[in-house]
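See structure below.
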Amino acid sequence: MLRTGLLSLLISAAVIAPVAAEPSHGIAMNGAPELPANFDHFPYANPDARKGGDISYCVVGTFDNLNPFILRSMRTTARGIIDTIFGNLVFETLMRRNQAEPFSLYGHLAASIDIDDDRTFAEFKLNPDAKWSDGKPVTPEDVIFSFETFAAKGRPPYSARMSRIEKIEKTGDRSVRFTFNDDADREFPLIVALTPIIPAHAFDVETFDQTTLKPVVGSGPYVIESVDPGRKIVFRKNENYWGADLPSMRGFHNYDRITIEYFLNVNSQFEAFKKGLCAVQLDLDPVMVERDFDFPAANDGRITVKAFEERIPPAVSGFFFNTRREKFADPRVRRAISKLYDFAWVNKNVYGGDYRRTLSYWQGSDLSALGRPADEEEKKLLAPYADRVTPDVMDGTYGKDELEGKPVDRDDMREAMALLQEAGFTLDGQTLLDPKGNPFTMEVLIASGEQERVATALQRMLGRLGIGLQIRLLDDAQLQQRKQTFDFDMIIAAVGFTGTLSPGMEQVYRWGSESAKAEGSFNLAGVADPAVDAMIETMLNARDKEKYDAAVRALDRLLISGAYVIPTQYNPKKWVAYWSYVEHPEQAPLNAYDLSTWWRKQ
């Protein structure tokens, strides 16, 4: 009897215990990673790129901190340490993303990942060659220390990751295992794999949340050579970098030295580029290309101006309403104001007619709700929240006129006024009064002359309905402080950093209720809607592409209907100017270009 009971117990345990597949070189959010285990390099990198030489980049702003993982000075941390534009020069992650795929990761600090079908755990085997810049090995203890320290003293989103982890344990000299709790979703193992790892021996937990200008120790291809606070930081190639021959690193980080210089404003930055102090000028628009490149270096071929094709949805930029404030709590008010953004006028008079209107958060992809009636799966998902989605967004007719470039006319003005009156507003002569009888006014924060021209267009249209809009131009430090503490009525900004074909956990930090009150989060609008939370959760736990796509489109419909942002416009091309001594690979990633694959000619 005892033996029979023991046998039953063992059989039950075998059935219940998660069964892992063989350790893999990579992992994808949906399906399998495209590259085989013996891949040689990422397709948009040139493994034969010349190594050597120096490069200088220029940015606008200042810096007073070298620790990118803390809330204090979060937006004034020196660029390049971990960076979406210049690359992660100092700190690295367990796995590395291939930007030629929607969302696939390959081995880096961790040589392989072992994970079960339900993704209830993930075990990483560290690369035996992985070392910190001071020569000490990267260990499982470093991985555990990183997650625990971020939870105790770090900033969002790193600080929240332990809340989805049941335990982390060392399972061998070079292996560490994460067991996830019920709050984790199918994307979360990938988020863990993309979390930067820091050395336990080089950081003190007690002082971790304090700013520092002492060069930090990382495992990346560069070390910090010198720091001129607020003005310049110089990175020097680590001659003993452990990962130079990894397939995921071939063709990347080709310079011997990288200098990042800071300027007070865009004009001074561009002047420095024209003089050759900066190698690259990013974030150009067609008007700037036509208007601002009549100078010797551009005319004689020493500077190249090129439009790179972007194959992901555009990052949504526009006027963010702060719905934490009473004046913007009613979606009818936000919808009314949104109707008054005259894209046709702005496109013609500010951007020379070369831009397109942004109306969806995944525009131009199968994930977008634009021009597409909700399918049965979407209707099922949205059924409990039927009042949250407007009929035109549900049936796919929303935005047709705006996409065709129709100017704001009297019909739009009447519709906007009707919404405001429905929300309790009244017109007293030439002044619109809110439901409490006060003049309806607001302030928008801006950072540049271009934004001022766009804001002025909205100001003019709002004025016709008796709404007062004050435009306040701030320097970078002031703007970041106000943004971080949500101290604004409206602000012109972008959702996160880039668009994506594989939305995931970042949507929690952009739109989830838990991030609405988290200082420093990207949820600038303060969205706190159970319907939005439900769609994000469904998306993150979807096991097949049909349900995943439906959940994203349903989320798109909720965000459009909620009018949390007045989306403005986007440039279908990413224009970059660069001096002729730098070169880039022929093949581009989905997000148009990757500066960390560029190199300096002989």
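The values are calculated or read from the model by the stated rules, or taken from the named source; none is laboratory data. What you see is a predicted model; the values in this text were computed from it and never measured. Because the Cβ atoms are built from the backbone with ideal geometry, glycine has one as well, and the counts that use them run over all protein chains shown.
At a glance:
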item	result
Subset of segment 71-81 (residues that are modelled with pLDDT under 95 and either within 23 Å of GLU239 (Cβ to Cβ) or hydroxyl-bearing (Ser, Thr, Tyr) (or both))	SER73, THR76, THR77
Segment 84-118, residues that are modelled with pLDDT of 95 or more, in a loop (DSSP other than H, G, I, E, B), under 22 Å from SER159 (Cβ atoms) and of a type outside the set (A, V, I, L, M)	ASN88, PHE91
Output for segment 251-261, where each listed residue is assigned to a loop (DSSP other than H, G, I, E, B), surrounded by 18 or more Cβ atoms within 10 Å (Cβ to Cβ) and not hydroxyl-bearing (Ser, Thr, Tyr)	GLY251, PHE252, HIS253, ASN254
Every pair of residues 6+ apart whose Cβ atoms lie under 8 Å, when the first sits in segment 476-487 and is over 14 Å from ALA518 (Cα atoms) while the second is of a type in the set (S, T, N, Q)	ASP476/THR62; ALA477/THR62; ALA477/THR76; GLN480/THR76
Test: residue in segment 231-244 that is of a type in the set (Ser, Thr, Tyr), within 24 Å of the chain's Cα centre (by Cα), at pLDDT 95 or above and more than 30 Å from ASN349 (Cβ to Cβ)	no
Residue pairs meeting the criteria (Cβ under 6 Å; at least 6 apart or on separate chains; first more than 21 Å from PRO189 (Cβ to Cβ), in segment 132-159; second part of a helix (DSSP H, G or I))	ARG155/MET74
Residue within segment 234-250 that is in a strand (DSSP E or B), crowded, with 20+ Cβ neighbours inside 10 Å, of a type in the set (Phe, Trp, Tyr) and in contact with a strand residue (DSSP E or B) (Cβ under 6 Å, 6 or more places away or on another chain) present	yes
Qualifying position, being under 27 Å from the mean Cα position of the chain (by Cα) and small (Gly, Ala, Ser), among GLY301, GLY318, GLY352	GLY318
Options THR431, THR390, THR456, THR441; residue that is within 22 Å of ASP529 (Cβ to Cβ) and not acidic (Asp, Glu)	THR390
Qualifying residue in segment 469-482 (condition: more than 21 Å from the chain's Cα centre (by Cα) and part of a loop (DSSP other than H, G, I, E, B))	yes
Candidate set: segment 423-453, residues that are free of Cβ contacts under 8 Å to residues at least 24 places away in the same chain and closer than 16 Å to GLN470 by Cβ; chosen: the one surrounded by the fewest Cβ atoms within 10 Å (Cβ to Cβ)	ASN438
Filter result for VAL316 (among the aliphatic types (A, V, I, L, M) and in contact with a helix residue (DSSP H, G or I) (Cβ under 8 Å, 6 or more places away or on another chain))	no
When residues of segment 87-114 are limited to those that are touching a helix residue (DSSP H, G or I) at 6+ places or on another chain (Cβ under 6 Å) and among the hydrophobic types (A, V, I, L, M, F, W, C), the one surrounded by the fewest Cβ atoms within 10 Å (Cβ to Cβ)	LEU105
Residues of segment 519-536 satisfying the condition of being crowded, with 18+ Cβ neighbours inside 10 Å and either among the small types (Gly, Ala, Ser) or not in a helix (DSSP H, G or I) (or both)	GLY520, SER521, PHE522, ASN523, LEU524, ALA525, GLY526, VAL527, ASP529, ALA531, ALA534
Residue tally, condition outside any loop (DSSP other than H, G, I, E, B), farther than 18 Å from THR120 by Cβ and not charged (D, E, K, R), over segment 170-219	8
Number of the exception - GLN363 against (1) under 21 Å from GLU415 (Cα atoms); (2) within 22 Å of the chain's Cα centre (by Cα)	(1)
For ILE303: the one exception among (1) at pLDDT 95 or above; (2) in contact with a Pro (Cβ under 6 Å, 6 or more places away or on another chain); (3) among the hydrophobic types (A, V, I, L, M, F, W, C)	(2)
Looking only at segment 429-465, and only at residues there that are in a loop (DSSP other than H, G, I, E, B) and within 19 Å of LYS483 (Cβ to Cβ), the one that is modelled with the lowest pLDDT	SER448
Residue ID - nearest to THR500 (Cα to Cα), chosen from residues in segment 579-602 that are of a type in the set (A, V, I, L, M, F, W, C) and part of a loop (DSSP other than H, G, I, E, B)	LEU590
One residue from ASP114, ASP118, ASP129 being in contact with a strand residue (DSSP E or B) (Cβ under 6 Å, 6 or more places away or on another chain), in contact (Cβ under 8 Å) with a residue 24 or more places away in the chain and of a type in the set (Asp, Glu)	ASP114
Any hit, segment 487-506, residues being modelled with pLDDT under 90, part of a strand (DSSP E or B) and either farther than 28 Å from ILE82 by Cα or touching a strand residue (DSSP E or B) at 6+ places or on another chain (Cβ under 7 Å) (or both)	yes
Hits in segment 396-413 - residues which are aliphatic (A, V, I, L, M) and part of a helix (DSSP H, G or I)	LEU403, MET413
Among the candidates ALA383, ALA369, ALA336, residue that is farther than 23 Å from LEU524 by Cα and among the small types (Gly, Ala, Ser)	ALA383
Count - residues of segment 537-557 that are surrounded by fewer than 24 Cβ atoms within 10 Å (Cβ to Cβ) and assigned to a helix (DSSP H, G or I)	9
Count of segment 385-415 residues which are more than 15 Å from ASP342 (Cα to Cα) and under 28 Å from the mean Cα position of the chain (by Cα)	8
